[in-house]
1. Quick one: Cα centre-to-centre distance for the stretch 146-198 and the stretch 208-276, in angstrom?
2. Under the rule of at least 5 residues apart or a separate chain, name every residue whose amide H is placed under 5 Å from the amide H of residue 258.
3. If you project the alpha carbons of the stretch 83-167 onto the principal axes, what extent comes out on each, in Å, largest first?
4. Please identify the DSSP H helices in the chain that span no less than 18 Å along the helix axis (Cα) and have a mean Kyte-Doolittle hydropathy of -1.0 or more.
5. Add +1 for every Lys or Arg and -1 for every Asp or Glu among the other residues with Cβ under 13 Å from the Cβ of residue 152, and state the total.
6. Return the single residue from 54, 150, 24 with maximal mean-square fluctuation; model: Gaussian network over the chain, springs between Cα atoms under 10 Å.
7. With loop defined by DSSP as not H, G, I, E or B, and exposure as at most 14 other Cβ atoms within 10 Å, which is the longest segment of the chain clear of exposed chymotrypsin sites (Phe, Trp or Tyr not before Pro)?
8. I'd like the FRET efficiency for residue 249 and residue 192, computed as 1/(1 + (r/R0)^6) with the beta carbon distance as r and R0 of 30 Å, rounded to 0.05.
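The values are calculated or read from the model by the stated rules, or taken from the named source; none is laboratory data. Note that the coordinates shown come from a computational prediction; the quantities given were computed from them, not determined experimentally. Every residue, glycine among them, receives a Cβ derived from its backbone with ideal geometry; neighbour counts consider all protein chains shown. All accessible areas refer to the heavy atoms of the entire protein, side chains included, with ligands and DNA or RNA removed. Shrake-Rupley method; radii C 1.70, N 1.55, O 1.52, S 1.80 Å.
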Amino acid sequence: YVKKNGRFHYRFYRSEMSQAFPNEVLMEAHLRRAIEFDELSIHLQPQIDLQTNEIDSFEALIRWNNRKFGYVPPSQFIPLAESSGLIIQVGDWVLEQVCKNLQEWKVKGYRPVRVAVNISPKQFKQENFATKIEQLLNIYDIEPKYLELEITESSMVNVSETHEILTKLKELGVYVSVDDFGTGYSSLSYLKKYPIDIIKIDQSFIADINKDEKNEAIIKAIITLSENLGMDVVAEGVEEEFQEEFLKLNNCRKGQGYLYNKPLPVDLIIKEYLVN
Ligand code: C2E
Ligand code: MG
Ligand code: MG
Ligand code: MG
């Protein structure tokens with residue numbers, strides 16, 4: 001599990017950031033056909049155990065290469081997919097790809113590693129969401145502990161079904177994490193109400209380490225809070241050694257970011273992390 005050559009340092013520039021979509025209507029029309037045109041793919045980014053420097057899990061991140069407009073970042077099309085309802089199709093596609101990968105790894109005897117999938121509020125609120133997850137686990141014969149679902153605080157506030165959905169997911173045995181923690185407008189009360197396994201500290205906090213003492217106090221508090229609640233904690237967007245030092249010093253369990261690796265295509269991830 002340990003990376004052979006220590007760690008990688010990635011500084012990359014988006015030269016493939018070709019021309020942008022002129023408008024959202026056109027983007028939506030293209031997104032609607034992205035699956036059938038085979039324009040979507042999954043990249044995986046490692047989440048590292050900071051104590052051992054071993055791989056803990058991966059996060060699946062969607063990539064869209066449009067035949068006409070080139071690479072479109074998720075920050076542009078995920079909100080559009082959410083507002084248009086396309087996120088259901090796109091989200092189902094991501095979940096299925098990840099499950100296919102997990103099944104393939106198992107069949108081929110690769111090292112089993114959990115994969116976290118981002119779930120947007122509209123997906124989470126689907127009446128049959130937990131049932132969908134259960135069916136996928138059955139169809140692809142996956143142990144639930146290898147699947148993690150990342151939800152955001154906005155999926156938990158004002159959703160009356162939250163408790164029922166999270167309880168069902170807990171019963172299934174999949175992991176649930178709260179993504180971008182600390183950036184939403186919600187209260188802390190859901191941390192006691194709901195069965196949550198992992199807190200992911202938003203990358204904006206990590207970016208301000210060594211810049212802002214209040215910010216550091218907040219990171220420490222989140223780490224202590226998750227520890228006391230029996231939850232795991234991941235720092236997102238770790239780019240620099242000094243950030244890692246700070247996190248280790250304050251007992252943060254896991255880290256994710258360019259310091260360890262950028263999100264990579266699945267075949268590269270297999271070579272790098274899953275086969276010897
Ligand atoms: P997120 O879930 O918080 O994912 C982390 C984002 O931070 C990813 O951006 C990742 O590439 C980026 N990142 C990782 N390490 C570093 C670092 O060291 N520094 C910096 N500055 N950034 C880092 P990405 O892939 O562009 O995705 C952006 C957002 O789009 C995600 O944020 C997530 O909210 C959403 N997203 C991505 N894939 C999916 C998906 O399959 N479904 C849904 N619903 N949302 C997705
Ligand atoms: Mg995420
Ligand atoms: Mg995040
Ligand atoms: Mg984010």
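1. Rounded to whole Å, the Cα centres lie 20 Å apart.
2. For residue 258, the qualifying residues are 238.
3. Computed over the Cα atoms, the extents are 43, 27, 19 Å.
4. What comes out of the filter, once short or polar helices are dropped, is 87-107, 213-228.
5. Combined, the nearby Lys, Arg, Asp and Glu give -4.
6. In this elastic network of the chain, the residue with the biggest mean-square fluctuation among 54, 150, 24 is 24.
7. Counting only loop sites that pass the neighbour cut-off, the longest clear stretch is 38-184.
8. For R0 = 30 Å, the calculated efficiency reads 0.60.
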